[in-house]
Amino acid sequence: MYSNEDYLIQLLTEAGLVTEQDLSHAKGTKKPNETMVEGLIKSGIVSEEDVARTMSVSSGMEFVDLAGFAPAPELKAVVPEEVARRYKAVPLGYEHGRLKVAITDPNNFETLDALPHVLGPDIDISCTTP
C-alpha cells in the first residue's frame, strides 16, 4: 500500500501512464481490499517499476533496480531485519562514507523521518519497487 494514493494517481496520470478510462477499468476490476494503484498494477496498466520510477522522479530520489540484488551480509547488522521490514528499507552499501538505503514509498514521511534516527544521519535514500 502506498501512503498517498491520490497524489500517486495524479502523478501517474500527469506522466501519461494512466488515463481516466484506465482508472475506471481498475476501479471496476479491483478487489474490495485492493487500492486503486494495486488494481492498476494487477490489471497490467502500469508496473510496479512504473510506479516506483514515477515516485522517484517526483521526490527527487534516484531509482534503484534491485532485481537479483542481495545485500552484503555485513549490511544486515547495520540494518536489522525488523527495521528493514517495518520501513520497507533495503541496505545497498556504503558510498563516500554514507549508507545507501532503498525504500519503496518515498511519500511515506514516517519512514523518511525515522530512518535517519534509527540508522544514523549519514544516509542517502533511493527509491525501489516493493
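The values are calculated or read from the model by the stated rules, or taken from the named source; none is laboratory data. As the structure is a prediction and not an experimental result, all values here were calculated from the model. Counting neighbours? That spans all protein chains shown, and the Cβs are built from the backbone with ideal geometry, glycine included. Side chains are part of the model used for accessible areas, which takes the heavy atoms of the whole protein and leaves out ligands, DNA and RNA. Shrake-Rupley method; radii C 1.70, N 1.55, O 1.52, S 1.80 Å.
The table below lists the values:
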| read-out | value |
| --- | --- |
| Odd one out for GLU82, checked against (1) touching a residue at least 12 places away in the same chain (Cβ under 8 Å); (2) over 12 Å from the mean Cα position of the chain (by Cα) | (1) |
| Among (1) open to solvent by 20 Å² or more (accessible area, probe 1.4 Å); (2) under 14 Å from the mean Cα position of the chain (by Cα); (3) more than 25 Å from GLU14 (Cβ to Cβ), the one test that VAL101 misses | (1) |
| Test result for GLY68, at pLDDT 90 or above and either out of contact with any Ser or Thr (no Cβ under 8 Å at 6 or more places or on another chain) or under 17 Å from LEU115 (Cα atoms) (or both) | no |
| Hits in the range 13-38 (condition: at pLDDT 90 or above and in a loop (DSSP other than H, G, I, E, B)) | ALA15, GLY16, LEU17, VAL18, THR19 |
